[in-house]
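Notes follow the structure.
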Amino acid sequence: MNIRKTKIPEVLLLEPKVFGDDRGFFLESYNRRSFEEFGLKRDFVQDNHSRSARNVLRGLHYQLGHPQGKLIRVVAGSIWDVAVDIRRSSPTFGQWVGEELSSENNRIFWVPEGFAHGFIVTSDSADVLYKATDFYAPSCERSLLWNDPQLGISWPLNGEPLLSQKDRAGISFSKAELFE
């Protein structure tokens with residue numbers, strides 16, 4: 001597996017080796033030993049699967065008290081996936097990084113604890129799988145405003161995004177509860 005640091009060094013883009021032939025393909029989407037070789041010793045406690053239509057934007061989500069690291073991949077379709085550093089003590093505080101994940105490129109995105117996460121679907125639909133390092137805790141969940149001008153995220157929009165009520169009510173970055 002090739003692991004590449006993004007412009008925020010803790011956020012990683014993993015590119016698994018794909019072995020394919022006329023029958024199809026095989027890839028290893030997670031290997032604890034490989035992950036630990038890059039200094040990422042994590043226990044994953046929950047696997048999630050979402051299916052969304054084109055232009056659905058989910059995020060920017062995070063949990064205080066029960067922060068989640070997320071290992072994200074797309075098994076059908078494509079998304080633009082975004083991580084925002086919301087750790088006040090970090091040199092990259094307030095910065096974001098985005099990557100295209102798709103069933104074609106097989107890339108996997110590592111978003112560590114202390115980051116807000118979101119994505120927009122860029123194909124007709126997308127199935128997104130992600131592993132989390134802590135359990136979903138509704139009372140700890142927070143949402144940043146996806147289009148906050150202070151963050152300046154360049155979403156690849158094709159029309160207006162489809163948002164949940166929770167995401168429409170996201171908090172601005174300047175007023176949000178964040179990590180120290």
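The values are calculated or read from the model by the stated rules, or taken from the named source; none is laboratory data. Source: prediction; values computed, not measured. Using ideal geometry, Cβ is built from the backbone for each residue, glycine included, and neighbour counts are taken over all protein chains shown.
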Looking at segment 35-94 only, could you name the residues that are among the aromatic types (Phe, Trp, Tyr), in a strand (DSSP E or B) and under 20 Å from PHE135 (Cβ atoms)? TYR62
So GLU100 ticks every box in (1) under 27 Å from PHE25 (Cβ atoms); (2) in a strand (DSSP E or B); (3) touching a residue at least 24 places away in the same chain (Cβ under 8 Å); (4) not hydrophobic (A, V, I, L, M, F, W, C) but one. Which box is left unticked? (3)
With (1) crowded, with 22+ Cβ neighbours inside 10 Å; (2) within 30 Å of ARG32 (Cβ to Cβ) as the list, and SER102 as the residue in question, which single condition is left unmet? (1)
Among (1) closer than 21 Å to GLU100 by Cβ; (2) at pLDDT below 95; (3) of a type outside the set (Phe, Trp, Tyr), GLU36 falls short only on (1)
Being among the polar types (S, T, N, Q) and part of a loop (DSSP other than H, G, I, E, B) is the filter here; which residues of segment 7-34 pass it? SER29, ASN31
Of all residues being crowded, with 18+ Cβ neighbours inside 10 Å and of a type in the set (A, V, I, L, M, F, W, C) in segment 165-177, which is nearest to SER139 (Cα to Cα)? Just the residue, please. ALA176
Can you find a residue in segment 42-64 that is over 18 Å from the mean Cα position of the chain (by Cα) and exposed (fewer than 15 other Cβ atoms within 10 Å of the Cβ)? no
For segment 146-163, indicate whether the set of residues that are within 18 Å of LYS5 (Cα to Cα), surrounded by 21 or more Cβ atoms within 10 Å (Cβ to Cβ) and modelled with pLDDT of 95 or more is non-empty. no
Taking segment 1-31 and the residues there that are touching a Pro at 6+ places or on another chain (Cβ under 9 Å) and hydrophobic (A, V, I, L, M, F, W, C), the one that is farthest from TRP96 (Cα to Cα) would be LEU27
